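Q: First, the structure itself, so that you have it in front of you.
The values are calculated or read from the model by the stated rules, or taken from the named source; none is laboratory data. For clarity, every value in this text was computed on a predicted model and none was experimentally measured. A quick note on method: Cβ atoms are made from the backbone with ideal geometry, for glycine too, and the neighbour counts reach across all protein chains shown. Calculation scope for accessible area: heavy atoms of the full protein, side chains included, ligands and nucleic acids excluded. Shrake-Rupley method; radii C 1.70, N 1.55, O 1.52, S 1.80 Å.
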Amino acid sequence: MLTEETRPARRPVGATVAGRPPARLRRVTASFSAQSLLVVAVVVAVAYWPVLLLGRVPLPMDVVYSFPLFRPIAPSTPLNANHAEMGDLVSGIYALHVFARHAVDAGSLGLWNQHLLAGQPFFGAYAGGMLSPLNWLYYLLPTHLAWALLFPIRLTLAGWFMALFVRSLGASRLGALVAGLGFAFCGFVLTWSGWPHVDAAIWLPLACLGVQKLWERPSLQRAGLAALPLAATMLAGHPQTEAYVLVMTAVFALWRLATPAPAGRARYPGFVGLLLLAGVLALLLDAVQLLPAKEWIGLTTRSGENRAGHLALRQLLGFVSRDTRHTPNSAGVTIPEAATYVGLLPLLLVPFALLWRRRGDVALFAGTAVTAGCVAYGFPPLFVLSTHLPVFGPLPTWRVIFLVQFALLVLAGLGVTALQDRCATRRPARGAAAALPWAVLAVGALPLALLAAHLAAVSGPARWFRGPLSTGLLLLAGVGLLAVALLRRLPAAAMGVAMVGLLAADLVSYGYGHVPFTPARD
């Protein structure tokens, strides 16, 4: 039932048709690009409706008035303090954007910031991300308005880029949408939004998409396009996340080198050279920012101290805990450091990727999730090895959890497609073949049920909606929906709407109000 094609000579849902005219392929790609952007934007708009309809600004103003300097002018009415620790947003990041706007208005790059300590470099210190494409909005709009709009813009771009990338791997439209929505609201993107971490992270799917397109058909034009997300990543202002994005993109490129080339093209000629050209172009575009930043990072004390560490095993509850309002939250999960929620439906769909016909891509992203997870949660020997790497060793290695979420959502998108292919087969399976999808569903549901049970045991009765009750209800809803899919009880269109609707309700209720919405006049 779950299929996009109902013709007698059925093809796999995510496959392309041999001999289809290139113009038709371009129209289909453009159609999905517009559709995925619309779906992701609508869901994000629901989560950020106070920004878009009321002009509210996502900023914890109670933190501002907690400083002695501002206490005399604090409003008499209590402010919303129901949020995780976000002091850096107020005392650091928002202030940096204000300074950058004043510098641009004065016609300079803000080389020196006299307001911090006894003065320090601003442009070279890099954290302000002055040249980051997202931050250009600050030079066009009032600071508070640009700040507010960038919250939904970041999530929309993250989800859209992810949907396009997963679709390029051969996933169905539904699978790509599931992956895109999950990435837009995943714990890392949602809870670090506003920090430069996310300004770097959202470009990862687009960078991998550039590699994929260049591998499919090498050309100078595609090499130039592949350089753009790499350049945007390196301008974001958070070197560690940027390094993870570049490493993941390089791993994906090496994997494509080992993958048989598309029909009619040799494997290596063209692709390797153009890929290197894309990297050189990205470095040239970023040189004006990277050269002073390299000197500054080498001089700072913090960059040289060994801050390697990993998350405790109990932080695995972050995959099922929906509470983002305190740190640690009701389950003891630190927010945003261990916020790893991607939605319960995508996690149920991850094991179905084992049924995906392109086993190589499944192996790549499964290996990425396992490797990054071992490093983030301290499993030897990978964690020990990571602490001795020349660049990553001194850094807090738990931030690699971002790659776990990325890889899991790619697998979820491929899992949706594999499930669709199974359910679309006209001839009913028997014996072991018929039981296999149900076994895969059990493989996904059992560990989540155990985590949810442990979540209920450690969580208090407070904040019940974001605690174990909502997790349990959504887990039951997800298992029930996939069971109905396997039983072929709903038409394909209805099942697709149900999946997207359930996931959207899950993610919006998880992310809504993570950052308090403050009236613009404040």
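Q: Taking region 387-403, which residues are open to solvent by 10 Å² or more (accessible area, probe 1.4 Å) and either in a helix (DSSP H, G or I) or of a type in the set (S, T, Y) (or both)?
A: If the condition is that a residue be open to solvent by 10 Å² or more (accessible area, probe 1.4 Å) and either in a helix (DSSP H, G or I) or of a type in the set (S, T, Y) (or both), then T387, W398, R399, V400, L403 are the ones that fit.
Q: Scan (1) open to solvent by 10 Å² or more (accessible area, probe 1.4 Å); (2) of a type outside the set (A, V, I, L, M); (3) over 26 Å from S509 (Cβ atoms); (4) touching a residue at least 24 places away in the same chain (Cβ under 8 Å) for the single condition Q221 breaks and write down its number.
A: So the condition that Q221 fails would be (4).
Q: Taking L482 as meeting all but one of (1) assigned to a helix (DSSP H, G or I); (2) over 23 Å from the mean Cα position of the chain (by Cα); (3) surrounded by fewer than 19 Cβ atoms within 10 Å (Cβ to Cβ), write down the number of the exception.
A: Unmet for L482, out of (1) assigned to a helix (DSSP H, G or I); (2) over 23 Å from the mean Cα position of the chain (by Cα); (3) surrounded by fewer than 19 Cβ atoms within 10 Å (Cβ to Cβ): (3).
Q: Could you tell me how many of the residues in region 496-515 are touching a helix residue (DSSP H, G or I) at 6+ places or on another chain (Cβ under 8 Å) and at pLDDT below 90?
A: 4
Q: Given the criteria in a loop (DSSP other than H, G, I, E, B) and surrounded by 12 or more Cβ atoms within 10 Å (Cβ to Cβ), does G92 qualify?
A: The answer is no for G92.
Q: Answer yes or no: is there a residue in region 186-205 that is under 20 Å from F365 (Cα atoms), surrounded by fewer than 24 Cβ atoms within 10 Å (Cβ to Cβ) and modelled with pLDDT under 95.
A: No, there is no match, as no residue in region 186-205 is under 20 Å from F365 (Cα atoms), surrounded by fewer than 24 Cβ atoms within 10 Å (Cβ to Cβ) and modelled with pLDDT under 95.
Q: Here are G343, G378, G360, G373: which of them is closer than 19 Å to L419 by Cβ and of a type in the set (G, A, S)? Show your work before the answer.
A: Numbers: G378 fails: closer than 19 Å to L419 by Cβ; G360 fails: closer than 19 Å to L419 by Cβ; G373 fails: closer than 19 Å to L419 by Cβ.
Testing whether each residue is closer than 19 Å to L419 by Cβ and of a type in the set (G, A, S) leaves just G343.
Q: Taking A339 as the residue in question, decide whether it is touching a helix residue (DSSP H, G or I) at 6+ places or on another chain (Cβ under 8 Å), surrounded by 20 or more Cβ atoms within 10 Å (Cβ to Cβ) and in contact (Cβ under 8 Å) with a residue 60 or more places away in the chain.
A: Answer is yes for this residue.
Q: Okay, next question. What are the residues in region 312-332 that are aliphatic (A, V, I, L, M) and within 19 Å of the chain's Cα centre (by Cα), if any?
A: Listed by number, the residues that qualify are L316, L317, V320.
Q: If you check L52 against the conditions, is it in a helix (DSSP H, G or I), open to solvent by 40 Å² or more (accessible area, probe 1.4 Å) and not charged (D, E, K, R)? Steps first, answer last, please.
A: Working: in a helix (DSSP H, G or I): yes; open to solvent by 40 Å² or more (accessible area, probe 1.4 Å): yes; not charged (D, E, K, R): yes.
The answer is yes for L52.
Q: Go through (1) open to solvent by 20 Å² or more (accessible area, probe 1.4 Å); (2) at pLDDT 85 or above; (3) of a type outside the set (S, T, N, Q); (4) touching a helix residue (DSSP H, G or I) at 6+ places or on another chain (Cβ under 9 Å) one by one and return the number of the condition A312 breaks.
A: The number of the failed condition is (4).
Q: Can you spot a residue in region 318-334 that is part of a helix (DSSP H, G or I) and either among the aliphatic types (A, V, I, L, M) or in contact (Cβ under 8 Å) with a residue 12 or more places away in the chain (or both)?
A: Yes, region 318-334 contains a residue that is part of a helix (DSSP H, G or I) and either among the aliphatic types (A, V, I, L, M) or in contact (Cβ under 8 Å) with a residue 12 or more places away in the chain (or both).
Q: Here is a list: L209, L257. Which entry is modelled with pLDDT under 95, open to solvent by less than 40 Å² (accessible area, probe 1.4 Å) and within 18 Å of F365 (Cβ to Cβ)?
A: On the way: L209 fails: modelled with pLDDT under 95.
So the residue among L209, L257 that is modelled with pLDDT under 95, open to solvent by less than 40 Å² (accessible area, probe 1.4 Å) and within 18 Å of F365 (Cβ to Cβ) is L257.
Q: Inside region 126-138, can you point out the residues that are assigned to a loop (DSSP other than H, G, I, E, B), among the aliphatic types (A, V, I, L, M) and modelled with pLDDT of 85 or more?
A: Our first condition is that a residue be assigned to a loop (DSSP other than H, G, I, E, B); within region 126-138, this holds for 126-132.
Of the ones still in play, those that are also among the aliphatic types (A, V, I, L, M) are 127, 130-131.
Across region 126-138, the qualifying residues are M130, L131.
Q: Given the conditions (1) modelled with pLDDT under 90; (2) assigned to a loop (DSSP other than H, G, I, E, B), report the number of the one that G298 does not fulfil.
A: So G298 meets the others, but not (2).
Q: Considering only region 361-376, I want to know if a residue exists there that is open to solvent by less than 20 Å² (accessible area, probe 1.4 Å), hydrophobic (A, V, I, L, M, F, W, C), closer than 18 Å to Y510 by Cα and touching a residue at least 40 places away in the same chain (Cβ under 8 Å).
A: Looking for residues that are open to solvent by less than 20 Å² (accessible area, probe 1.4 Å), hydrophobic (A, V, I, L, M, F, W, C), closer than 18 Å to Y510 by Cα and touching a residue at least 40 places away in the same chain (Cβ under 8 Å), one finds none in region 361-376, hence no.
Q: Follow-up question, since we're still on this one. So which residues in region 143-186 are hydroxyl-bearing (S, T, Y) and either without any contact (Cβ under 8 Å) to a residue 24 or more places away in the chain or not in a helix (DSSP H, G or I) (or both)?
A: Matches in region 143-186: S172 only.
Q: Also, quick follow-up: Just to check your reading of the model, which residue among H102, H115 is surrounded by fewer than 18 Cβ atoms within 10 Å (Cβ to Cβ), assigned to a helix (DSSP H, G or I) and not basic (K, R)?
A: One residue alone meets the criteria, H102.
Q: Checking the condition within 23 Å of V342 (Cβ to Cβ) and at pLDDT below 90, which residue from T397, T368 passes?
A: T397
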